[in-house]
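The values are calculated or read from the model by the stated rules, or taken from the named source; none is laboratory data. Predicted model only: the values in this text are computed from it and were never measured. All Cβ positions, glycine included, derive from the backbone under ideal geometry; neighbour counts span all protein chains shown.
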Amino acid sequence: MLLRLESTLPRSDRDSILLLCKELGYTTRFLGGRQELLELSGPGAPDHRSRLADLAGVVRVLDVGAARELHERATGSGDTRPDTIVRIGDAVIGGGNVSIIAGPCAVEDEGRLAEIANAVRRAGATALRGGAFKPRSSPYSFQGLGAEGLAILGRVKALTGLGVVTEVLDPRDVEAVGEVADAFQIGARSMTNFALLREVGRTRIPVLLKRGFAATVRELLLAAEYVLSGGNEQVVLCERGVRGFDSVTRNLLDVGAVAHLKGATHLPVIVDPSHAAGRADLVRPLARAGIAAGADGLLIEVHPAPGEVHSDGAQAVGLDAFARIVADVRALCAIDGRTLVTSQLSESPANGGFQ
Ligand code: PEP
Ligand code: MN
């Protein structure tokens, strides 16, 4: 590891840094004449980078060396870790497998949810997404059906066989949500709820972690690290757009971050074009962009009657539009030798190419 220290660092602070390095098992030496570049040689551990970066007098960790964090693609020994593959019901995400998770924003009506679940599965989705607990900016907006929503999800799951992704907002609900969920969704607004991240990290249920709308890529990866460090290795990162200055789209889909993440981490990365666009007509092009940038899957809000819903109706795509997106994804996967995973019951589209 290589640290840059402040040039005017008092001797006592420098000595404290050297002492901690020694306690962590490193031997140290200064590079160059000035005591600013400190080289650490030794075993390295996932927690060392943050611990050393937090010290007064450390300007930056220039090279992490062997002190690799759990999400990192590179290992301490100079190798790279293969893709982590996460399974959510029939969905397989990562390692060249691409899966599509779809459903309404919120669980509202049981019949409607079952209808959507069957339709998206036929079109090629492998997991159903719907929120029973909704994170809304206003406390007066529809908050989801709560426990009743979970019960509905459980019944629709039994009926259709689709794996279920649903949001958990409160650490106290992790157990109840975990009885139904095949994956916990941690929403953009909860990305820095560290108590919640630790709680889902104690389970062995996959976690779909959304990037906060003002979070850096490093902050997203450190949020994932909270889950991984609890022993839960099944984490899927989700890019859903960051806040921009223009209101033509709800958020700015950061496809550069998707491409970067594919190299920086072994964790699978999916794209949510629905919350990025905020409007149904742009979901398809953003879905294409996400897959073209290397995403291992998509999370798409689908509803046949968007006028009926209490949240995010404007961005819900209809069933025909959803089928066209699936065809696009299949064609894009063929270009770079990846597999679009579908459940056995899905229909193979007549036209698998771009339209
Ligand atoms: C959602 O998935 O419906 C949602 C609220 O998403 P986000 O957390 O990305 O805003
Ligand atoms: Mn939504």
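Can you list the strands (runs of 3 or more DSSP E) found entirely within segment 19-84 that contain at least 2 residues being in contact with a helix residue (DSSP H, G or I) (Cβ under 7 Å, 6 or more places away or on another chain) and within 27 Å of Leu220 (Cα to Cα)? It would help to see each step written out before you state the result.
Working: elements: 27-31, 37-41, 58-63.
Of the strands (runs of 3 or more DSSP E) lying wholly inside segment 19-84, those with at least 2 residues that are in contact with a helix residue (DSSP H, G or I) (Cβ under 7 Å, 6 or more places away or on another chain) and within 27 Å of Leu220 (Cα to Cα) span 58-63.
Quick check on Ala56: is it at pLDDT below 95, more than 16 Å from ligand 1 (Cβ to nearest atom) and either surrounded by fewer than 18 Cβ atoms within 10 Å (Cβ to Cβ) or not assigned by TED's automatic domain parsing to the domain that holds Val235 (or both)?
Working: at pLDDT below 95: yes; more than 16 Å from ligand 1 (Cβ to nearest atom): yes; either surrounded by fewer than 18 Cβ atoms within 10 Å (Cβ to Cβ) or not assigned by TED's automatic domain parsing to the domain that holds Val235 (or both): yes.
Yes.
Would you please name the residue that is surrounded by the most Cβ atoms within 10 Å (Cβ to Cβ), looking only at residues in segment 204-218 that are away from ligand 1 (no atom under 15 Å from the Cβ) and farther than 21 Å from Gly297 by Cβ?
Within segment 204-218, the first condition is being away from ligand 1 (no atom under 15 Å from the Cβ), and the residues that meet it are 204-206, 216-218.
Keeping just the survivors that are farther than 21 Å from Gly297 by Cβ gives 216, 218.
Numbers: Thr216: 12, Arg218: 9.
Among those that are away from ligand 1 (no atom under 15 Å from the Cβ) and farther than 21 Å from Gly297 by Cβ, it is Thr216.
Across segment 306-320, what is the total count of residues that are closer than 12 Å to Gly103 by Cβ and within 12 Å of ligand 2 (Cβ to nearest atom)?
Here the count works out to 3.
So that you can scan it fast, the table gives a plain yes or no per residue for (1) assigned to a loop (DSSP other than H, G, I, E, B); (2) touching a helix residue (DSSP H, G or I) at 6+ places or on another chain (Cβ under 7 Å); (3) surrounded by fewer than 19 Cβ atoms within 10 Å (Cβ to Cβ):
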{"residue": "Gly244", "(1), (2), (3)": "yes, no, yes"}
{"residue": "Ala276", "(1), (2), (3)": "no, yes, no"}
{"residue": "Asp281", "(1), (2), (3)": "no, no, yes"}
{"residue": "Pro285", "(1), (2), (3)": "no, no, yes"}
{"residue": "Gly294", "(1), (2), (3)": "yes, yes, yes"}
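Can you tell me which of (1) under 34 Å from the mean Cα position of the chain (by Cα); (2) over 23 Å from Gly76 (Cβ atoms) is the one Arg51 doesn't meet?
Result: Arg51 passes all but (2).
Of all residues in segment 151-178, count the ones that are surrounded by 15 or more Cβ atoms within 10 Å (Cβ to Cβ) and under 22 Å from the mean Cα position of the chain (by Cα).
Of the residues in segment 151-178, 15 are surrounded by 15 or more Cβ atoms within 10 Å (Cβ to Cβ) and under 22 Å from the mean Cα position of the chain (by Cα).
Six or more apart or on different chains, Cβ under 6 Å: which pairs go from a residue in segment 123-150 that's within 26 Å of Arg87 (Cα to Cα) to one that's part of a helix (DSSP H, G or I) and among the small types (Gly, Ala, Ser)? Could you list them?
Pairs that qualify, where the first residue is within 26 Å of Arg87 (Cα to Cα) and the partner is part of a helix (DSSP H, G or I) and among the small types (Gly, Ala, Ser), are Ala123/Ala323; Leu128/Ala117; Ala132/Gly149.
Which condition number does Ser229 fail, the rest of (1) in contact (Cβ under 8 Å) with a residue 60 or more places away in the chain; (2) touching a strand residue (DSSP E or B) at 6+ places or on another chain (Cβ under 9 Å); (3) closer than 30 Å to Asp47 by Cα being met?
All conditions are met except number (2).
State whether one or more residues within segment 255-271 are assigned to a strand (DSSP E or B), in contact with a strand residue (DSSP E or B) (Cβ under 7 Å, 6 or more places away or on another chain), more than 16 Å from ligand 2 (Cβ to nearest atom) and not hydrophobic (A, V, I, L, M, F, W, C). Spell out the reasoning first.
Filtering segment 255-271 for residues assigned to a strand (DSSP E or B) gives 265, 269-271.
If we keep only those that are in contact with a strand residue (DSSP E or B) (Cβ under 7 Å, 6 or more places away or on another chain) too, we end up with 265, 269-271.
When the remaining residues are screened for being more than 16 Å from ligand 2 (Cβ to nearest atom), the result is 265, 269.
Next cut, not hydrophobic (A, V, I, L, M, F, W, C) only: 265.
Scanning segment 255-271, I find at least one residue that is assigned to a strand (DSSP E or B), in contact with a strand residue (DSSP E or B) (Cβ under 7 Å, 6 or more places away or on another chain), more than 16 Å from ligand 2 (Cβ to nearest atom) and not hydrophobic (A, V, I, L, M, F, W, C), so the answer is yes.
Hey, could you check segment 186-211 for residues that are assigned to a strand (DSSP E or B) and among the β-branched types (Val, Ile, Thr) and say which is nearest to His275 (Cα to Cα)?
The first filter runs over segment 186-211 and keeps only residues assigned to a strand (DSSP E or B), leaving 186, 207-210.
Then keep just the ones that are among the β-branched types (Val, Ile, Thr); that gives 186, 207.
Numbers: Ile186: 14, Val207: 18 Å.
Top of the filtered list is Ile186.
Among the residues of segment 10-53, write down those that are hydroxyl-bearing (Ser, Thr, Tyr), surrounded by fewer than 16 Cβ atoms within 10 Å (Cβ to Cβ) and closer than 25 Å to Glu225 by Cα.
Correct list: Ser41, Ser50.
For segment 126-149, what are the residues that are away from ligand 2 (no atom under 16 Å from the Cβ) and either in a strand (DSSP E or B) or out of contact with any Ser or Thr (no Cβ under 7 Å at 6 or more places or on another chain) (or both)?
First pass over segment 126-149, keeping only residues away from ligand 2 (no atom under 16 Å from the Cβ): 126, 139-140, 146-148.
Answer for segment 126-149, where residues must be away from ligand 2 (no atom under 16 Å from the Cβ) and either in a strand (DSSP E or B) or out of contact with any Ser or Thr (no Cβ under 7 Å at 6 or more places or on another chain) (or both): Pro139, Tyr140, Gly146, Ala147, Glu148.
With (1) under 25 Å from Ala305 (Cβ atoms); (2) more than 16 Å from ligand 1 (Cβ to nearest atom) as the list, and Gly89 as the residue in question, which single condition is left unmet?
The single condition Gly89 does not satisfy is (1).
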